[in-house]
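Participant: Starting off with a structure, shown below.
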Amino acid sequence: MRITTALALAALLAVPSLGTAESNFNVNVNLGVPTPPPPPRVAVVAPRVVFDAPPLFLAPSSLGFYVGVDMPHDMVLISGVYYLFQGNHWYRANHYNGPWVVTRYEQLPAPVRRYKVEKIREYRDHEYRAYHEKRDHYRGKHFRPGREGKEEWRDEKDRRKEKRREEREEWKEHKKHGHGHGRD
């Protein structure tokens, strides 16, 4: 009823009077609660994380990905990409020293999203205790960036060594059967 009366009054006032050359009239009707202004945008600054030496990563079997240990950061490594949780934000980088880029939670790999940060820390701490206690006999997966080149070089050296051994065995077998002495 109140709205109808207000609209009727507005319509009567909107009719220009004959004696007025020009008139301006505005009617604003607001129903309901006004929408609040959008929240201010907060700029997230990428952290500066620097290690003097490559950090150690362990892979608790419960998680299925590597977690950084013995560091003041929550860092995980999955598929060659590093993820850092700091200041309630996730960041990603291709190197453990960054540069770090803000990453939305939805962009994290599914195995990382499966766990809350607190649970990741719990698994990390448990695995690190096991590693620390059995360092020389630790059977779990571990990784220290920068050593992959040395491991590849060692693997290549072992492959060359194995190939030479096989070639020697072939030559011995060849000689054993009388080949190579002009008896063919």
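The numbers here are math on the coordinates, done by the rules we state, and not lab data. Bear in mind that the values here come from a model prediction, so they are computed numbers and not experimental data.
Participant: Starting at the first residue of the stretch 72-85, write each ³J(HN,Hα) from the Karplus equation 6.51 cos²θ - 1.76 cosθ + 1.60 with θ = phi - 60°, in whole Hz, x for Gly and Pro.
Facilitator: Coupling constants for the stretch 72-85: x, 10, 9, 10, 10, 10, 9, 6, x, 10, 9, 10, 10, 10 Hz.
Participant: In vacuo Debye scattering of the stretch 51-131, one point per C-alpha: log10 I(q)/I(0) at q = 0.18, 0.20, 0.25 Å⁻¹?
Facilitator: Values returned for q = 0.18, 0.20, 0.25 Å⁻¹ are -0.69, -0.86, -1.39.
Participant: For Cα pairs less than 8 Å apart in space and 6+ apart in sequence, what is the mean separation divided by the residue count of the stretch 56-143, i.e. the relative contact order in percent?
Facilitator: 30 percent
Participant: On to the next question. Students often forget the sequence filter, so: which lysines lie under 25 Å Cα-Cα from K163 once same-chain residues fewer than 8 apart are removed?
Facilitator: K163 reaches K150, K172, K175, K176.
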